[in-house]
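Scroll down for the structure; my scribbles are underneath it.
Every number in this text was worked out from the coordinates using simple rules, so none of it is lab data. Here the structure is a predicted model, which is why all the values come from computation and not from measurement.
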Amino acid sequence: MPKHTVKTKMDERGRVVIPKEIRERFQAELFEVKVEGNKISLVPLTDPLTTLQKKLSKSSTKSIDELAENIAVKEVKNANH
């Protein structure tokens, strides 16, 4: 994998813009920030909810919302008994 280096600035609120080309390449919303000596690494992580949703959509027609609702209904029923 070729290395890609860009320069970017941190704004007054501590935000750093990741260039569009890099965002599109990784398509991640969740990152781990690692500090190693004097270097900061930004590692894209897989969002567990998105992963679960993809797996469920392949194997089931129920959406995450339907599953969550069913679980909530069961919990309410169990709490009332």
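List of remarks:
- The angle between the Cα long axis of helix 48-59 and the longest principal axis of the Cα atoms of the chain comes to about 50 degrees, rounded to the nearest 10.
- Once the Cα atoms are used to define both axes, helix 64-79 deviates from the longest principal axis of the chain by about 50 degrees.
- Checking (i) 31.9, 95; (ii) 17.2, 52; (iii) 19.8, 60 against Rg and Dmax of the Cα atoms in Å calculated from these atoms, the matching label is (iii).
- Choice from Leu49, Leu30, Leu67 showing the highest fluctuation, given a GNM over the chain with Cα pairs closer than 10 Å: Leu67
- Annotation: aspartates and glutamates with alpha-carbon distance below 19 angstrom to Lys77 (same-chain offsets under eight excluded): Asp65, Glu66, Glu69.
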